[in-house]
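Undergrad: One structure, pasted below without further comment.
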Amino acid sequence: MTSSPRRRRTRPIRRWAVIAAGGAAFALVVTLGLGFAWGRIGGESAGEALARSEALLAASNATDARDEAQVAVHAAPENAAAQLALARAMLALQDGIGAEGALQRAVDAGQDPRQIAHLRAHALLLQGEEQKALAEAAKAPAPYRTYALRIRGRALAAQGDFAGALAAFDQAAHAAPNDPALWTDMGRFKFASGDMLGAIQASERAVKLAPGAVDALVLRGELVRAQYGLVAALPWFEAALKRDPRHHDALIEYAATLGDSGRMIDALAATRRALVVRPASPQALYLQAVIAARASNFDLARALMERTGGALDSVPGPLLLLSTLDLESGANEQAIDKLRALIAMQPLNLSARKLLAAALLRSDSARNAIDVLRPMVARADADTYALALAARAFERIGDRASAATLLDRAALPFAAPVRGFGADDSAEVLGGDAAQRPGDPGAAIPYLRALADKGDTAGALVRAQQLAARNPGVPAAHLLVGDLMMLLDRPADAIASYRQAASLRFDEPAMLRLVEACDRARRPREAASALALFLSQNPANLAALRLAGTRQLAAGRWEDAIESLERVRLKIGDEDAALNAELANAYAGAGEIDAAERFGEAAWLLAPANPAAADAYGWALFLAGDTPTARELLEKAVRLAPADAGLRRRLATIQAG
């Protein structure tokens, strides 16, 4: 079944899933008072170009500043001031190699290398040479000490020394509290380290100090996107692009946000603009490859990823796409290698775990597939696909009892409540890691989750509350407190923690937890409000659309449910039995019996042992006039789920009819 039952439901909805490409936008560079006379520049045109470059850079249009500096360099290649202007613009555009070359040419033209140590450190950092950058930053003269401290902080952060990085940034802030570039760098550092509140405050200060700084505007957009949602972030990226319409990183973030919010044509246009600026941009090519893959044009997606030259092969999003393309083409071993690398980076990436398990099953490595899926199927809220994969793996090794248990769980009509994902490692191992990294929430949170999995939920809660109090700006700490309260059946208390997390980062996990807690605390209006707010900012989010459709169905809002659920189906296809069952019920409620029957049959063929599928198909047949078959299906549904009152009511209606 590939078409929607109603023509008005079939409007094209292009498919999109974008993981924002890596790469941070960097701070503005202070203008150097180098004292070179205009007479050193080869002609008036070079002098004018240099003046325009400096003015453009001061106005935060680094792309045009670079172009004007290149004009000056072309007219006067031996002039140090022109080379330095070009280097400063390139640093603002994250071109470390180009900046280092321009700096060396400036030295060759007579520039004192000691006076530009901070700029060389910046160029080395952009090339991934953190240790060399640290050494060069240490040589910076006093007037550029704050700049050098910024580079030191970023280099230490890149090496994983967060404490050292924070000390460097704090030292710089003490020396230059009104430096917007410093607050932009500090905001990025705190964002990367999980301190959302600190990142938000730093970005707000950067924008206040320099309202037109592109780097500060882009960072603010990224943080607004995380804190509030996609739609709210768009004006920030648009403001940055007004300053520098050809700013590559601003275009990439803009394209990713447009795509995630469902504006595919605009997203594609933004990637094309980025490719004009940087013809071989790996990030733009990757975003285009995702669009192609979602449209099932896998050959084009592969071709686009090949054009990246492997530049993004160690980035999670591209790794997931590449592994998916490998699986589609039957290259299972290549997919396995990529997915193992991805899970090593992101142990909680459930999509990657399911893909890896599927690839291992294809390669006759059932036991390895079971190991990959074990943390997922141990959860009460494990999804049907993960349970089915694990069941197939147990069947492969001859353990039919375990397979049957998992299949029984997969056939249940409703999922268990959402809970936090556990960890692969034991509490002892994670406790050792936490002890080696005192004060690091990233180490403490997995350990406390492991304690709860081990049964010490109350003890884990006490420690989690202390952790959240020490780290009020870390959303994950508040989510952990809420999760533990939910495990202790305290949903009303969990709401406050989830709201705190959502106020810092209103993403899908925070939304799902908040809605569930409100429902369990019998506060349906608050649940509906949270979901509606999330959807207003993230209109193409599949989890939110699916949840909205389910809730609309339960409320008897048939047309709304059909619209929401059809949008999900157009993105994920026709192979989801539960989704087909929900659509069957929605169409039945709307009086569209033919559509209800088709979707009900599709659900039942996919999952004949699922009571929800049998119920949906049976009810549709009853409405279509086939009472005997309907009675048989509803009787089967009740046998499979005898405690479900809704199934019993429908069976009674059919029996009475």
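The values are calculated or read from the model by the stated rules, or taken from the named source; none is laboratory data. Not measured: the values here are computed from a predicted model. Note that each Cβ is placed from the backbone with ideal geometry, even for glycine, and that neighbours are counted across all protein chains shown. Areas reflect the complete protein model, heavy atoms only, side chains present, ligands, DNA and RNA absent. Shrake-Rupley method; radii C 1.70, N 1.55, O 1.52, S 1.80 Å.
Undergrad: Checking the conditions here, which among Ala210, Ala172 is small (Gly, Ala, Ser), modelled with pLDDT of 95 or more and more than 21 Å from Gln159 (Cβ to Cβ)?
TA: On the way: Ala172 fails: more than 21 Å from Gln159 (Cβ to Cβ).
Criteria check complete, one pass: Ala210.
Undergrad: Which of the numbered conditions does Ala76 fail, given that it passes all the others? Conditions: (1) within 28 Å of Ala49 (Cα to Cα); (2) modelled with pLDDT of 95 or more.
TA: Of everything listed in (1) within 28 Å of Ala49 (Cα to Cα); (2) modelled with pLDDT of 95 or more, Ala76 misses just condition (2).
Undergrad: Continuing with the same structure: Give region 626-641 a look and list any residue that's in contact (Cβ under 8 Å) with a residue 24 or more places away in the chain, more than 14 Å from Ala612 (Cα to Cα) and open to solvent by less than 70 Å² (accessible area, probe 1.4 Å), or say none.
TA: Residue satisfying the conditions is Thr627 alone.
Undergrad: Quick one: count up the residues across region 191-234 that are outside any helix (DSSP H, G or I) and either acidic (Asp, Glu) or without any contact (Cβ under 8 Å) to a residue 24 or more places away in the chain (or both). Give the steps one after another, and end with the answer.
TA: Looking only at region 191-234, we keep the residues that are outside any helix (DSSP H, G or I), and these are 193-195, 210-213, 228-229.
Restricting the remaining residues to those that are either acidic (Asp, Glu) or without any contact (Cβ under 8 Å) to a residue 24 or more places away in the chain (or both) gives 195, 211.
Count: 2.
Undergrad: Quick test for you: out of Arg463, Arg470, pick the one residue that is of a type outside the set (A, V, I, L, M, F, W, C), more than 22 Å from Gln537 (Cβ to Cβ), at pLDDT below 95 and touching a Leu at 6+ places or on another chain (Cβ under 6 Å). Give the derivation first.
TA: Working: Arg470 fails: touching a Leu at 6+ places or on another chain (Cβ under 6 Å).
Within the list Arg463, Arg470, the selection yields Arg463.
Undergrad: Only one residue in Arg188, Arg150 is open to solvent by 10 Å² or more (accessible area, probe 1.4 Å), assigned to a helix (DSSP H, G or I) and of a type outside the set (Phe, Trp, Tyr), so which one is that? Explain how you work it out, then say what you get.
TA: Values: Arg150 fails: open to solvent by 10 Å² or more (accessible area, probe 1.4 Å).
Exactly one of Arg188, Arg150 is open to solvent by 10 Å² or more (accessible area, probe 1.4 Å), assigned to a helix (DSSP H, G or I) and of a type outside the set (Phe, Trp, Tyr), namely Arg188.
Undergrad: Go through Gln159, Gln201 for me and flag whichever is touching a helix residue (DSSP H, G or I) at 6+ places or on another chain (Cβ under 7 Å) and under 30 Å from Ile445 (Cβ atoms).
TA: It is Gln159.
Undergrad: Does Ala561 fit the bill of being modelled with pLDDT under 90 and either surrounded by 23 or more Cβ atoms within 10 Å (Cβ to Cβ) or in a helix (DSSP H, G or I) (or both)? First the steps, then the outcome.
TA: On the way: modelled with pLDDT under 90: no; either surrounded by 23 or more Cβ atoms within 10 Å (Cβ to Cβ) or in a helix (DSSP H, G or I) (or both): yes.
Answer is no for this residue.
Undergrad: I'd like to verify a number: residues in region 564-609 that are assigned to a loop (DSSP other than H, G, I, E, B) and more than 27 Å from Ser296 (Cβ to Cβ), how many?
TA: Pass one, region 564-609, residues assigned to a loop (DSSP other than H, G, I, E, B): 573-576, 590-592, 607-609.
Next, only the ones that are more than 27 Å from Ser296 (Cβ to Cβ) stay: 590-592, 608-609.
Counting residues in region 564-609 that are assigned to a loop (DSSP other than H, G, I, E, B) and more than 27 Å from Ser296 (Cβ to Cβ) gives 5.
Undergrad: For Arg367, work out the one condition from (1) closer than 27 Å to Leu479 by Cα; (2) open to solvent by 20 Å² or more (accessible area, probe 1.4 Å); (3) at pLDDT 75 or above it doesn't fulfil.
TA: (1) is the only condition that Arg367 fails.
Undergrad: A further question follows. Of the numbered conditions (1) touching a His at 6+ places or on another chain (Cβ under 7 Å); (2) modelled with pLDDT under 95, Ser281 satisfies every one except a single condition; which is it?
TA: Answer for Ser281: the failing condition is (2).
Undergrad: When region 58-114 is examined, which residues are found to be closer than 28 Å to Val218 by Cα and in contact with a Ser or Thr (Cβ under 6 Å, 6 or more places away or on another chain)?
TA: Matches in region 58-114: Ala65, Glu68, Ala69, Ala85.
Undergrad: Can Pro509 be described as buried (at least 24 other Cβ atoms within 10 Å of the Cβ), within 21 Å of the chain's Cα centre (by Cα), closer than 20 Å to Ala233 by Cα and not small (Gly, Ala, Ser)?
TA: Values: buried (at least 24 other Cβ atoms within 10 Å of the Cβ): no; within 21 Å of the chain's Cα centre (by Cα): yes; closer than 20 Å to Ala233 by Cα: yes; not small (Gly, Ala, Ser): yes.
So Pro509 fails the test.
Undergrad: Can you pull out every residue in region 534-558 that is over 18 Å from Ala612 (Cβ atoms), open to solvent by 20 Å² or more (accessible area, probe 1.4 Å) and free of Cβ contacts under 8 Å to residues at least 24 places away in the same chain?
TA: Answer for region 534-558, where residues must be over 18 Å from Ala612 (Cβ atoms), open to solvent by 20 Å² or more (accessible area, probe 1.4 Å) and free of Cβ contacts under 8 Å to residues at least 24 places away in the same chain: Leu535, Arg557.
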